Amino acid sequence: MNAIEIKALEKNYPGFDLKLDLALPQGSIMGLIGENGAGKTTAIKLILGMTKPDGGRIEVLGRPVDKNFARVREEIGVVLDEPAFPDCLKAGQVDKIMRNIYKNWDSAAFRDNLAKLSVPDDKPFKDFSRGMKMKLSIAVALAHRPRLLVLDEPTSGLDPLVRDQVVDIFSEFTRDEGHSVLISSHIVSDLEKLCDYVAFLHKGRLLLCQEKDRLMEEYGIAHCAAGELAALDSAAVLGRRDSAYGVSAIVRRDAAPAGMALSTVGIEELFVFMVKEEER
């Protein structure tokens, strides 16, 4: 079963259209990558039933996102780009409120994650830094035993050491084969460590969705003369960058001639090359 399945999804705004087909296999972590305005947050809001699509269908944990979707939300842990708790609340009070909202709320797990993430339980939310707000949101998302985490920029505002700790927490979450994660982030290094799949969104369109390890195995970066690249099948080239010194290109390894040296490609490079190729 897929944790998330999106078919022929459409959402239209003045000056922007999102069209999306996407599937997140159960037990996997998918990174959603795209520039500001690519449609990542819109996609997440549609998945969570926070806004209605103009076409297509979405299923989450095997159930359609419709008027009965409230029953599914108990099984979804959510961290949004802008954490929102009343300014006066302290973390300890959040615990008391959430245990009356979620049937599966685990106060011990919540307190444990507050301690792991160094979140004080006696300080009001209005005095939290952005990073501290994100850490509180992560502790809440994990504390009601969700099967799916949907995370919009959850490591934004966190220092590298805490980001690494949070990545470990999400990895630990998916050791249970029934757990899945969809995460959007501008910090591609976090996604490279964390994700099984990557999906590239650009201007409301999906450029690519594939297993991360397969991408690393199938493609490399060629640094060569323009004539060498022209000799390759154009379908084997995902993107290119021209300079006065030659061409750098993302090339399918099985289509490269024996003498062509290929270096390892990273997710961020792959995304940048593909976007530039799309815009060409």
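I'd like to check which helices (runs of 4 or more DSSP H) are fully inside segment 30-106 and have at least 2 residues that are among the hydroxyl-bearing types (Ser, Thr, Tyr), in the same structural domain as Lys123 (by TED's automatic domain parsing) and buried (at least 19 other Cβ atoms within 10 Å of the Cβ).
By residue number, 40-47.
Using the structure shown, decide if Glu5 is farther than 16 Å from Leu191 by Cα and of a type in the set (Asp, Glu). Steps first, please.
Values: farther than 16 Å from Leu191 by Cα: yes; of a type in the set (Asp, Glu): yes.
Against the criterion (farther than 16 Å from Leu191 by Cα and of a type in the set (Asp, Glu)), Glu5 qualifies.
If you scan segment 121-130, which residues turn out to be of a type outside the set (S, T, N, Q) and either crowded, with 17+ Cβ neighbours inside 10 Å or at pLDDT below 90 (or both)?
Selection gives Asp121, Asp122, Phe125, Phe128, Arg130.
All but one of (1) without any contact (Cβ under 8 Å) to a residue 40 or more places away in the chain; (2) more than 24 Å from Ser185 (Cβ to Cβ) hold for Gly62; which doesn't?
Going through the list (1) without any contact (Cβ under 8 Å) to a residue 40 or more places away in the chain; (2) more than 24 Å from Ser185 (Cβ to Cβ), Gly62 breaks only (1).
Keeping to segment 52-80, report how many residues are among the basic types (Lys, Arg) and over 13 Å from Tyr102 (Cα atoms). Walk me through it before giving the result.
We begin by selecting, within segment 52-80, every residue among the basic types (Lys, Arg); these are 52, 57, 63, 67, 71, 73.
Filter once more, so that each one left must be over 13 Å from Tyr102 (Cα atoms): 52, 57, 63, 67.
Qualifying residue count for the region: 4.
From the set of residues in segment 120-142 that are small (Gly, Ala, Ser) and under 20 Å from the mean Cα position of the chain (by Cα), which is nearest to Glu5 (Cα to Cα)?
Applying the filter and picking the extreme gives Ala141.
Looking at segment 154-210, which of the residues that are over 24 Å from Leu9 (Cβ atoms) and among the polar types (S, T, N, Q) is surrounded by the most Cβ atoms within 10 Å (Cβ to Cβ)?
Among them, the one singled out is Thr155.
Checking the structure you have, find out if any residue of segment 111-134 is closer than 20 Å to Gly31 by Cα, without any contact (Cβ under 8 Å) to a residue 60 or more places away in the chain and in a helix (DSSP H, G or I). If you could, list the steps in order and put the result at the bottom.
Filtering segment 111-134 down to residues closer than 20 Å to Gly31 by Cα leaves 134.
From the residues that got through so far, the ones that are without any contact (Cβ under 8 Å) to a residue 60 or more places away in the chain too are 134.
From the residues that got through so far, the ones that are in a helix (DSSP H, G or I) too are 134.
Yes, because at least one residue in segment 111-134 is closer than 20 Å to Gly31 by Cα, without any contact (Cβ under 8 Å) to a residue 60 or more places away in the chain and in a helix (DSSP H, G or I).
Give the residue that is farthest from Ser189 (Cα to Cα), with candidates limited to residues of segment 218-272 that are surrounded by fewer than 17 Cβ atoms within 10 Å (Cβ to Cβ), under 30 Å from the mean Cα position of the chain (by Cα) and among the hydroxyl-bearing types (Ser, Thr, Tyr).
Ser234
The values are calculated or read from the model by the stated rules, or taken from the named source; none is laboratory data. None of these values were measured; they are calculated from a predicted model. Positions of Cβ are generated from backbone atoms using ideal geometry, with glycine treated the same way; all protein chains shown enter the neighbour counts.
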